[in-house]
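Asks: Here you go, one structure.
Nothing in this text is a laboratory measurement; each read-out follows from the coordinates by a stated rule. Just so we're clear, the structure is a prediction, and the values are computed from it rather than from any experiment.
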Amino acid sequence: MSLMILYWVLVAVMLVGVAGAVLPGVPGPSLILAAILVWCVVTKFAIPLLPLGLIFVALILSAVVEWLGSYWGAKQVGASKWSQYGMFAGMAIGFFGLLPVLPLGGPIAGILVGGLLGGFIGEYLYQRDLTTSERLKTAGKVSLAIGFGAIIGNLIEVVLAIVAVGVFVWSTWSSVMWT
């Protein structure tokens, strides 16, 4: 297989990875990383170190940004530590598939659903001194904030994935076009 064909196949794989940053069940940044690693092995790391470092930083940030987005959303509405612990526990449980099998989405949907449920349950349990309706209202508000934060986190993850692919193409384009 020629180097140019491999290059375009890997760029296509990376674009699937960009889509996977928001589509449940499709690998995201990990797919981009795998394609870049294949390119590095085939070309014996012909990509300059600075762009490669920028790509890895963008991909590492994209791996944690959804978690941080949910945490930020919870903090914005004054969520208790209980809801934050519940959110993280729910995300972990959802990611590892301990929630009932979801028809679509797998681990990504599990993170979102688990975070929402965990945050809701944690805040509901924390607000013991309120009436049931107030507890539900407060826990619902926290859960919505967690969901909003997760959406913002997903958008940032997409931007970081696009940046990683863009830096890769920018730093390798000239070497591929002249081979």
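Asks: Just to confirm my numbers, what's the Cα centroid distance between the stretch 26-56 and the stretch 116-143 in Å?
Replies: 44
Asks: OK, next. For the stretch 3-177, please report how many Lys pairs fall under 27 Å Cα to Cα, leaving out neighbours fewer than 8 apart on the same chain.
Replies: Summing the qualifying lysine pairs gives 4.
Asks: In deg cm²/dmol and to the nearest 500, what is the mean residue ellipticity at 222 nm of the chain if only DSSP H runs of at least 4 residues count, each as -39500 (n - 2.57), divided by the residue total?
Replies: Rounded to the nearest 500, it is -28000 deg cm²/dmol.
Asks: Which of the helices in the chain meet the span-like rule: DSSP H, Cα axial reach of 27 Å or more, Kyte-Doolittle mean at least -0.5?
Replies: Both cut-offs are met by 49-76, 106-126, 132-177.
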